[in-house]
Amino acid sequence: MPYSKLLKNLTKIYSFTQEQEEAIANCIIVRKFKKRDKFFEIGEVNRQIGFINKGLFKTYITDQEGIKHNISFACEDFWITDLNSYVTSQGSLSAIECVEDAELFCFHYDDMEELYKNIPKLESHFRIMSQNRMVALYKDRFNLISLSAEERYIKFLNEFPIFVQRISQKDIASYLGIFPESLSRIRRNIAIR
């Protein structure tokens, strides 16, 4: 089945009938991206949530001086959107850019609302997924404030080893809230030990 990764993701918590799986599959919008393509831009209204079937994305915000700050990375088996825009129909606070060629299985907000009505377990799945994401964001914010740059980098290496070979050092430094030169120094210090 072309959507097997998606269905495996959705059945981590609950199982669905074949009829429910077909209803979910019928709402999928397949979108393909090349490196540097955007899922959406800052300020753009985004009413889709995407499951990453293949590829890697980064989510970033831009400060008043136009400098991009990476706030998250996501690869296969992750879900991505700007939740504020997705739920409120307001302009996105962030942008999501493709780091390598990718394929998303997207769902429009209205289709998801209809699926939630017809498949309550699906709504429960996304509630649990959202709660887990909120906890992760809270921990990220806590770590940014309470850990040193070196401790944040070591934590990143341990928690996201899949990203290390796929993301540029500049993007990792941005995510850690440091300059690329600082990351190079940290990496040298770790290598010496």
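Of the residues making up region 43-62, those that are under 22 Å from S89 (Cα atoms) and surrounded by fewer than 17 Cβ atoms within 10 Å (Cβ to Cβ) are G43, E44, V45, I61, T62.
Considering each residue of region 21-30 in turn, at least one proves to be buried (at least 20 other Cβ atoms within 10 Å of the Cβ) and either over 24 Å from R141 (Cα atoms) or of a type outside the set (V, I, T) (or both).
Entry remark, region 155-193: residues being β-branched (V, I, T), over 26 Å from R36 (Cβ atoms), modelled with pLDDT under 95 and surrounded by 12 or more Cβ atoms within 10 Å (Cβ to Cβ) number 1 in total.
For the subset of region 69-108 comprising residues that are assigned to a helix (DSSP H, G or I) and either among the β-branched types (V, I, T) or in contact with a strand residue (DSSP E or B) (Cβ under 7 Å, 6 or more places away or on another chain) (or both), which member is surrounded by the most Cβ atoms within 10 Å (Cβ to Cβ)? Restricting to residues being assigned to a helix (DSSP H, G or I) and either among the β-branched types (V, I, T) or in contact with a strand residue (DSSP E or B) (Cβ under 7 Å, 6 or more places away or on another chain) (or both), the top hit is S85.
The values are calculated or read from the model by the stated rules, or taken from the named source; none is laboratory data. Note that the structure is predicted; figures quoted are calculated from it, not measured. We place every Cβ from the backbone using ideal geometry, glycine too, and count neighbours over all the protein chains shown.
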